[in-house]
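The values are calculated or read from the model by the stated rules, or taken from the named source; none is laboratory data. Bear in mind that the values here come from a model prediction, so they are computed numbers and not experimental data. Here Cβ is always computed from backbone atoms with ideal geometry, including for glycine, and neighbour counts include all displayed protein chains. Heads up: the accessible areas ignore ligands, DNA and RNA and are worked out on the full protein's heavy atoms, side chains in. Shrake-Rupley method; radii C 1.70, N 1.55, O 1.52, S 1.80 Å.
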Amino acid sequence: MAKERTLSIIKPDATRRNLTGKINAKFEDAGLRIVAQRRVWLSADQAGKFYAVHKERPFYNDLVKFMTSGPVVVQVLEGENAVAKNREVMGATNPANAAAGTIRKEFAESIEANSVHGSDSAENAAIEIAFFFAGVDIVG
Ligand code: RTP
Ligand code: MG
């Protein structure tokens, strides 16, 4: 499998607890390379647009509120099979169902405040990376 890229977000619950380094270590230990990274406080408009696919879901408004409750770290991860590998390292959406050793098992507070986001397909990864980064800002 060729090298792939995926969009990752370290969410406000994790930046608040100063967990950026510990979470980045999990990515790097799994063979993912952080090829772009920026700390940003999302506006409601940005968060709403980023999560537009969930607009009809009951948790959408709460999710936008949560994602704008503090700074996040947006990043591009690169590696073999990066989309699937990142989701493996993240663990299940609900930390109660997440496997031992995953980021969400170790760090997530709840199904909403679950510490990380990761693109769910190569197609969405390309869209989500372009949402936050210009090509020139990604250094592989
Ligand atoms: P993500 O998009 O953040 O990587 O997470 P995911 O694919 O595992 O989960 P998804 O179904 O795409 O949901 C996006 C985010 O919405 C919040 N959520 N809250 N209250 C709830 O029942 C609920 N369900 C999901 C989580 O922050 C989830 O990561
Ligand atoms: Mg998702």
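From the list 80, 112, exactly one residue is closer than 22 Å to residue 136 by Cα and out of contact with any Ser or Thr (no Cβ under 6 Å at 6 or more places or on another chain). Which is it?
Working: 112 fails: closer than 22 Å to residue 136 by Cα.
Criteria check complete, one pass: 80.
Just to be sure, is residue 27 in contact (Cβ under 8 Å) with a residue 40 or more places away in the chain, part of a helix (DSSP H, G or I), open to solvent by less than 50 Å² (accessible area, probe 1.4 Å) and away from ligand 2 (no atom under 15 Å from the Cβ)? Working first, answer last.
Details: in contact (Cβ under 8 Å) with a residue 40 or more places away in the chain: yes; part of a helix (DSSP H, G or I): yes; open to solvent by less than 50 Å² (accessible area, probe 1.4 Å): yes; away from ligand 2 (no atom under 15 Å from the Cβ): yes.
Taking the combined requirement at face value, the residue satisfies it.
Given the conditions (1) aliphatic (A, V, I, L, M); (2) open to solvent by less than 30 Å² (accessible area, probe 1.4 Å); (3) more than 14 Å from ligand 2 (Cβ to nearest atom), and given that residue 63 satisfies all but one, which numbered condition is not satisfied?
Here residue 63 meets the rest and fails (3).
What residue, of 131, 107, is within 20 Å of residue 71 (Cα to Cα), open to solvent by 70 Å² or more (accessible area, probe 1.4 Å) and modelled with pLDDT of 95 or more? Walk me through it before giving the result.
Numbers: 107 fails: open to solvent by 70 Å² or more (accessible area, probe 1.4 Å).
One residue alone meets the criteria, 131.
Kindly provide the set of residues from the range 1-54 that are within 23 Å of residue 111 (Cα to Cα) and of a type in the set (Asp, Glu), ordered by number.
Once the filter is applied, which keeps residues that are within 23 Å of residue 111 (Cα to Cα) and of a type in the set (Asp, Glu), the range 1-54 yields 13, 45.
Go through 52, 122, 96, 113 for me and flag whichever is away from ligand 2 (no atom under 13 Å from the Cβ), among the hydrophobic types (A, V, I, L, M, F, W, C), open to solvent by 40 Å² or more (accessible area, probe 1.4 Å) and over 11 Å from residue 7 (Cα atoms). Break it down stepwise before answering.
Working: 52 fails: away from ligand 2 (no atom under 13 Å from the Cβ); 122 fails: over 11 Å from residue 7 (Cα atoms); 113 fails: open to solvent by 40 Å² or more (accessible area, probe 1.4 Å).
Sole residue among the options that is away from ligand 2 (no atom under 13 Å from the Cβ), among the hydrophobic types (A, V, I, L, M, F, W, C), open to solvent by 40 Å² or more (accessible area, probe 1.4 Å) and over 11 Å from residue 7 (Cα atoms): 96.
I need the full set of residues from the range 66-97 which are among the aliphatic types (A, V, I, L, M) and more than 10 Å from ligand 1 (Cβ to nearest atom), in order please.
72, 73, 74, 76, 77, 82, 83, 84, 89, 96
Mind checking which residues of the range 50-65 are outside any helix (DSSP H, G or I) and within 10 Å of ligand 1 (Cβ to nearest atom)? Quick ask: steps written out before the conclusion?
Taking the range 50-65 first, the residues outside any helix (DSSP H, G or I) are 51, 55-59.
The answer is 51, 57, 58, 59.
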